[in-house]
1. With the requirement that a residue be within 13 Å of the ligand (Cβ to nearest atom), surrounded by fewer than 22 Cβ atoms within 10 Å (Cβ to Cβ) and within 17 Å of Asn127 (Cα to Cα), what does segment 153-178 give you?
2. Could you check Arg225 against (1) away from the ligand (no atom under 15 Å from the Cβ); (2) within 18 Å of the chain's Cα centre (by Cα); (3) in contact (Cβ under 8 Å) with a residue 12 or more places away in the chain and say which number it fails?
3. Gly90: out of contact with any strand residue (DSSP E or B) (no Cβ under 9 Å at 6 or more places or on another chain), modelled with pLDDT under 95 and surrounded by 13 or more Cβ atoms within 10 Å (Cβ to Cβ), yes or no?
4. Looking only at segment 188-228, which residues are farther than 21 Å from Val155 by Cβ, in a helix (DSSP H, G or I) and of a type in the set (A, V, I, L, M)?
5. Are there strands (runs of 3 or more DSSP E) fully within segment 1-65 with at least 1 residues that are of a type in the set (Lys, Arg) and in contact with a strand residue (DSSP E or B) (Cβ under 8 Å, 6 or more places away or on another chain)? List them.
6. Suppose the filter is surrounded by 16 or more Cβ atoms within 10 Å (Cβ to Cβ) and either in a loop (DSSP other than H, G, I, E, B) or not hydrophobic (A, V, I, L, M, F, W, C) (or both); does Glu132 pass it?
7. Does Val116 satisfy the condition of being of a type outside the set (D, E, K, R) and at pLDDT 95 or above?
8. Check Asn127, Asn147 and return the single one that is in a helix (DSSP H, G or I), surrounded by fewer than 19 Cβ atoms within 10 Å (Cβ to Cβ) and either away from the ligand (no atom under 16 Å from the Cβ) or hydroxyl-bearing (Ser, Thr, Tyr) (or both).
Amino acid sequence: MRSGTQRREIRLEGEAVHYVLRRSGRRRSVGLTLGPEGLRVNAPSRLPLQDLEEILRSKAAWILRKRADLEIRLNARPQLEDGSSLTYLGAPLLLRRAERIKRVERDGEVLWLPPVGPEETRAQLRNWYLREARGYLPGRVDALRGNLSPSRVLVSSARKRWGSCNSRGELRFNWRLMLAPRELVDYVVVHELCHLVELNHSPAYWRQVELRLPDWRARHEELRRRGFEFDL
Ligand SMILES: [Zn+2]
């Protein structure tokens, strides 16, 4: 049988690497992806295992580096247990779990969680932050926009970017910003607003940012350095 899915293991530079191998007759080349579930390898049905393993060995450095990065990211994810905490616009929120709670709800500095498992908790919390972002971010755009007029303000969950602006004048912001301090959120809002003037990162663009936020550099750096903290 050359089709279907198999769990396998290979040693790469002395380390055991488990992977899920999926073979398909339609594939022409070998594809690798690394996610929270580990390494997935998609390969053509006819490719001999030896050749496949040779390809994996030739990509060992990439696989091991990606795996280490992923581990750091997963370990940096906050605990979502009773008594642990998250941030909300930079301030701590204490997580408490209770039987009587049906859905995530905030009460001052406490965020109450329903009695569900860790992945369901994460999903519900993400939804909660998403709704909060929809409530908070348009107000910040309004407060900071000056004479600029975005056509729409939307909330997104694209992992790799804090915000974006397109040629239709639509601004998008990542809900994860709701975990960051207010001054970093404002920096991202100003950053995207200035793209309404210059849809690039030219010196003329940065002059627009500087005009509205003279200390943008420090905020930009802090977001770069601490960005990974603002996730769950
Ligand atoms: Zn930009």
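The values are calculated or read from the model by the stated rules, or taken from the named source; none is laboratory data. All figures in this text were calculated on a predicted structure; none of them were measured in a lab. We place every Cβ from the backbone using ideal geometry, glycine too, and count neighbours over all the protein chains shown.
1. Passing the criteria: only Arg172.
2. Unmet for Arg225, out of (1) away from the ligand (no atom under 15 Å from the Cβ); (2) within 18 Å of the chain's Cα centre (by Cα); (3) in contact (Cβ under 8 Å) with a residue 12 or more places away in the chain: (3).
3. Working: out of contact with any strand residue (DSSP E or B) (no Cβ under 9 Å at 6 or more places or on another chain): yes; modelled with pLDDT under 95: yes; surrounded by 13 or more Cβ atoms within 10 Å (Cβ to Cβ): yes.
Judged against the criteria, Gly90 is a match.
4. Ala204, Val209, Leu211, Ala218
5. Details: elements: 4-12, 15-24, 31-35, 38-44.
Where strands (runs of 3 or more DSSP E) fall fully within segment 1-65 and carry at least 1 residues being of a type in the set (Lys, Arg) and in contact with a strand residue (DSSP E or B) (Cβ under 8 Å, 6 or more places away or on another chain), they are 4-12, 15-24, 38-44.
6. On the way: surrounded by 16 or more Cβ atoms within 10 Å (Cβ to Cβ): yes; either in a loop (DSSP other than H, G, I, E, B) or not hydrophobic (A, V, I, L, M, F, W, C) (or both): yes.
Answer is yes for this residue.
7. Working: of a type outside the set (D, E, K, R): yes; at pLDDT 95 or above: no.
Spelling it out, it is not the case that Val116 is of a type outside the set (D, E, K, R) and at pLDDT 95 or above.
8. On the way: Asn147 fails: in a helix (DSSP H, G or I).
Matching residue, one of Asn127, Asn147: Asn127.
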